[in-house]
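Written out below as structure tokens is the structure these notes cover.
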Amino acid sequence: MALLRHFARARRRGRDATGTRMWTWFMLPGTLWMTGFLIASLALVAVLAVGTTDDLGNPRFGFDLAGVRALADPAYTEVLARSLGYALLTCAICLLIAYPVAYTIALYGGRYKNALIAAIVVPFFANYLVRMYGWSVVLSDDGPVLRALRAVGLADSGTKILNTGVGVVAGLVYGFVVFMIIPLYAALERLDVSLIEAGRDLYGGPVRTFFHVTLPATRQGAAAGLVLVFLPAMGDFVSAQLMGGPDQIMIGNLIQDKFFQGQNWPLGSALTMLLMLVLLVGMLGYLRRTRKDEAEARR
Amino acid sequence: MTMVKQPSVTATARPAARTRTKRGRADRRPRVLIAVTALFFALLYLPIAVVALFSFNSKKSLTVFGGFSLRWYRAFVHDDVLIASLGTSLRISLVAMAGSVVLGVALALGLVRCRTRLGSLAGLIMLVPLITPEIVTGVASMLLFKGLGVALSTGTVMLAEITFSISYVTVILRSRVAALNPEVEEAAMDLGATRWQAVRLVTLPALLPAVLASAVLIFALVFDDFVLAYFTTGVDPQPLSVRIYSAIRFGVQPTINAVGTLMLAGSIGLIALALFIPRLFGRRGGLDILSGE
């Protein structure tokens, strides 16, 4: 018996070794592909951010801080600040919309829960451009939203949504609110309903129960949603282009402009790096937050 | 005395109070929440409905509906440029789907089973596309191709889309691979299968529903993708979404409503199919495909 067990173990060890070798080969093509096409190209952006252009406007590698220094230009810092403001506002509004929607579906959806969530998710994965285009028609001056607002006296004939900051944020919210709903819904689904009932039995009003029971229990879902909305909102340029005017451009529009119209690639690369930096700070903040939460949960 | 009395009072008073407040809340609270949710759904579908409705408009207007007509669909079918773009988009989606599914499934298997340092590094690299905004990926890919001296074309879009899609396939497949019992593979090998045979004959068939679902999803995502295609496309028939983008920027063109409606219908159908595929195989279907959980 002992001998048999010994053989079995030896065979498994031999198998594990060949297995690891084979699984490494499985991993390699995809990893090399992504390293070559993505990691290398991101490095290239960083290098070109300190590069120059020749007289014809073609990018040349070198070391020149003109592109990076240009970022300090008030014109650019203003756009960066505006993008940050729009993205953060979008996050806040998405949170305000997603909580009641996810809560209603998770707690009162009954057997239609999955169908309702699918009804939200499916159109969101459909063509982003066409959806945004439809949204811009809906929010236009003769569109149904402004007509309805005028009918109930919440807007007058001069009120506009398109070509204002409101329009851009509305576009971003419409574009990315699903990324808030999915993690929040997942967190609310996991939430033990008896906790909420306990809160009510202890005579907590709905508002107090929400802030003392529901919100803390779903904080991680909300944090994940905030990151998932912030990332694409910060880099978006379609919303500002379709819903905003020249005074509402975001950093994505600047980047697009530097690569397509302006042909200033070093500056475009520097702007791209700046965008990455902002997002990295956001990501790190999120990771620190979740790590702290996990440490607390373990204690 | 009071100590004994008090509990008995609350014990009789509480049930009545509780049922009353509970019923009161059950009536009052969800009503507001349900109204908010209903408004959300209305606003969610309104833009889609508007595009679809006005694609059947007999007039050119986007605000006045003049009557039902297939005029704009006919215009689309006879627009050679748009049809060429449609072909380009379909080709890009097919190639990106095939490439990213092969690479992504292999990567998912390797990541789950290979517990080496290289494995964790590969896991980190895999996450990069998921946390990088598309505009950054687009700029980076464009610079890479230009830096290598490769002219931008349909081919470069395909390469960039594969890069971006591998991670999605891997994320979807990884939890499925982790849920498989490795002892089944062991059993196959005890019965004389080689390692590769065990993967091919045991593991891959078990993963088939998830693989199919991810393939359909990737096809739809790549077909609809705009940002990456915009940065990496050349001038040969541009992908449909890039064409739509230029059309939208230069004012109203009702043909775009027709194209948009067809695209929306197509991708909604495909994504619903991706959600439904695991059910066809008698498995718990659904949204976990999208969240990767």
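Since every read-out is calculated from the coordinates, none of them should be taken as a lab result. Keep in mind it's a predicted model, so treat the numbers as computed, not measured. For neighbour counting, all protein chains shown are included, and Cβ atoms are generated from backbone atoms with ideal geometry for every residue, glycine included.
Sort region B:54-207 into rounded, prolate or oblate with this rule: let a ≥ b ≥ c be the square roots of the eigenvalues of the Cα gyration tensor; rounded if a/c is under 1.5, and if a/c is not under 1.5, prolate when a/b is larger than b/c, oblate otherwise.
prolate
Ranking A:283, B:263, B:189 by Cβ neighbours within 10 Å, fewest first, what do you get?
A:283, B:189, B:263
With no solvent and one equal point scatterer per Cα, compute the Debye intensity ratio I(q)/I(0) for chain B at 0.10, 0.11, 0.15 Å⁻¹ and report its log10, rounded to two decimals.
After summing over all Cα pairs, the log10 values are -0.73, -0.83, -1.20.
For region A:137-234, what class follows from the C-alpha gyration tensor (a ≥ b ≥ c being the square roots of its eigenvalues): rounded when a/c is under 1.5, otherwise prolate if a/b is larger than b/c, else oblate?
oblate
Fewest first, what order do B:131, B:166, A:182 take by the number of other Cβ atoms within 10 Å?
Taking fewest neighbouring Cβ atoms as first place, the list is B:131, A:182, B:166.
Taking the Cα centre of the protein assembly as shown as the origin, how large is its charge dipole in debye, to the nearest 20, when only Lys and Arg (+1) and Asp and Glu (-1) carry charge on their Cβ atoms?
Around 2600 debye, computed over the protein assembly as shown.
Among B:95, B:139, B:64, which one moves the most in a GNM of chain B with springs linking Cα atoms closer than 10 Å?
B:64
Which ³J(HN,Hα) values, rounded to whole Hz and listed in residue order, are derived for region A:224-239 from phi using the Karplus coefficients 6.51, -1.76 and 1.60 in 6.51 cos²θ - 1.76 cosθ + 1.60 with θ = phi - 60°, glycine and proline given as x?
After applying 6.51 cos²θ - 1.76 cosθ + 1.60, I find 4, x, 4, 5, 5, 7, 4, 4, x, 5, 5, x, 6, 10, 6, 4 Hz.
Work from the charge dipole of region A:79-298 (Cβ charges, +1 for Lys and Arg, -1 for Asp and Glu, about the Cα centre) and give the residue of A:130, A:101, A:218 farthest towards its positive end.
Positive-most Cα among the choices belongs to A:218.
Express the C-alpha Rg of region A:79-298 as a ratio against the empirical globular expectation 2.2 N^0.38 Å, rounded to two decimals.
1.16
Residue B:249 to residue A:152: FRET efficiency via 1/(1 + (r/R0)^6), r the Cβ-Cβ distance, R0 45 Å, to the nearest 0.05?
With a Förster radius of 45 Å, E is 0.85.
With label points built 7 Å along Cα→Cβ from the Cα atoms of residue A:25 and residue B:131, find their separation and express it in nm.
About 3.3 nm separates the two model spin labels.
Under a GNM of chain A (C-alpha, springs under 10 Å), which listed residue has the highest mean-square fluctuation: A:38, A:191, A:65?
Among A:38, A:191, A:65, the largest mean-square fluctuation in the Gaussian network model of chain A belongs to A:38.
Using the Karplus curve 6.51 cos²θ - 1.76 cosθ + 1.60 with θ = phi - 60°, what ³J(HN,Hα) values do you get for each residue of region A:253-269, in whole Hz, with x for Gly and Pro?
Ordered by residue, 3J(HN,Hα) equals 5, 4, 4, 4, 5, 5, 8, 9, 8, x, 6, 10, 5, x, 5, x, 5 Hz.
Which whole-number percent gives the relative contact order of chain B, counting Cα pairs below 8 Å spaced six or more residues apart?
In percent, rounded to a whole number, it is 26.
Dividing the convex hull volume of the Cα atoms of the protein assembly as shown by its residue count, what figure in Å³ per residue is obtained?
Measuring per residue, one finds 231 Å³ for the Cα hull of the protein assembly as shown.
Which ³J(HN,Hα) values in Hz, rounded to whole numbers, follow from the phi angles of region B:30-43 under the Karplus curve 6.51 cos²θ - 1.76 cosθ + 1.60, where θ = phi - 60° and Gly and Pro get x?
x, 4, 5, 4, 5, 5, 4, 5, 5, 4, 4, 5, 4, 5
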